[in-house]
Amino acid sequence: MISQKMQEALNTQVNAEMWSAYLYLAMSMDATDKGIKGVAHWFRKQYEEEMEHAFKIVEYLGSQLAKVELKAIEAVPTTWENPLEMYVQALAHEKKITSNINNLCGQAIEEKDYATQNFLQWFVNEQVEEEASVQEIIDTLHFIGDDQAALFMFDNSLKGR
Ligand code: FEO
């Protein structure tokens with residue numbers, strides 16, 4: 001059994017993961033509107049991953065016989081200037097999520113909650129991957145700049161995710 005404080009913190013993270021899903025779904029829909037189908041696909045996949053992250057925590061809470069509390073999900077923006085703006089915002093958001101995960105780890109260490117420390121390790125690794133993959137796309141988009149042909153080709157490559 002985990003502490004009440006840890007239950008609450010994990011429930012807050014369920015909400016944060018679902019908000020992430022919501023954000024990326026909105027980006028996917030905006031990319032569809034803009035005709036950038038690869039970006040739309042990439043964010044749709046990201047939406048699915050974030051829902052999986054939320055479910056992972058829900059299942060962990062369940063396995064610890066802890067209460068799962070689904071809180072309201074705040075509204076997200078609906079439009080972005082271009083793909084670069086989407087990915088820059090996604091990276092800023094992922095850094096915030098990394099900080100949340102680190103705080104959860106800190107709390108688990110403080111409470112000598114070894115099960116939760118072990119559970120969170122997957123998220124620690126996942127955040128490293130997520131930040132790196134988004135950063136790579138940002139770097140590529142900077143490189144592409146205003147070259148529409150290059151952007152078209154890059155967008156196509158994202159369909160393979
Ligand atoms: Fe679930 Fe992208 O952090």
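Observations
- Some residue of the range 18-30 being within 27 Å of M1 (Cβ to Cβ) and within 16 Å of the ligand (Cβ to nearest atom): yes
- For the range 86-105, the count of residues that are buried (at least 17 other Cβ atoms within 10 Å of the Cβ) and away from the ligand (no atom under 16 Å from the Cβ) is zero.
- Looking only at residues in the range 108-122 that are in a helix (DSSP H, G or I) and crowded, with 18+ Cβ neighbours inside 10 Å, the one that is nearest to the ligand (Cβ to nearest atom) is L120.
- Output for the range 123-156, where each listed residue is among the small types (G, A, S) and either within 17 Å of N82 (Cα to Cα) or not in a helix (DSSP H, G or I) (or both): G145, A149, A150
- Of the set (1) within 16 Å of the ligand (Cβ to nearest atom); (2) surrounded by 12 or more Cβ atoms within 10 Å (Cβ to Cβ); (3) at pLDDT 95 or above, all apply to N125 but (2).
- Among (1) touching a His at 6+ places or on another chain (Cβ under 8 Å); (2) at pLDDT 95 or above; (3) not in a helix (DSSP H, G or I) - the single one E81 does not satisfy: (1)
- Among (1) buried (at least 17 other Cβ atoms within 10 Å of the Cβ); (2) more than 16 Å from the ligand (Cβ to nearest atom), the one test that Q148 misses: (1)
- Hey, V134 under 30 Å from M1 (Cβ atoms), within 16 Å of the ligand (Cβ to nearest atom) and either of a type in the set (V, I, T) or surrounded by fewer than 11 Cβ atoms within 10 Å (Cβ to Cβ) (or both) or not: no
- Consider the range 110-153 and keep the residues that are of a type in the set (D, E) and within 20 Å of the chain's Cα centre (by Cα). The one that is farthest from I57 (Cα to Cα) is D139.
- Checked against the criterion of being in contact with a Pro (Cβ under 8 Å, 6 or more places away or on another chain) and either surrounded by 15 or more Cβ atoms within 10 Å (Cβ to Cβ) or under 19 Å from F123 (Cα atoms) (or both), the candidates A26, A9, A16 yield just one match: A26.
- Listed by first and then second residue, the pairs with beta-carbon distance under 7 Å, at least 6 apart or on different chains, first residue in the range 92-107 and farther than 16 Å from N11 by Cα and part of a helix (DSSP H, G or I), second away from the ligand (no atom under 12 Å from the Cβ) and not hydroxyl-bearing (S, T, Y), form an empty list.
- Search result, residues across the range 42-57 that are more than 11 Å from the ligand (Cβ to nearest atom) and either buried (at least 20 other Cβ atoms within 10 Å of the Cβ) or of a type in the set (S, T, Y) (or both): W42, F43
The values are calculated or read from the model by the stated rules, or taken from the named source; none is laboratory data. Since this is a predicted model, take the numbers as computed values, not measurements. With ideal geometry, Cβ positions are generated from the backbone for all residues, glycine too; neighbour counts draw on all protein chains shown.
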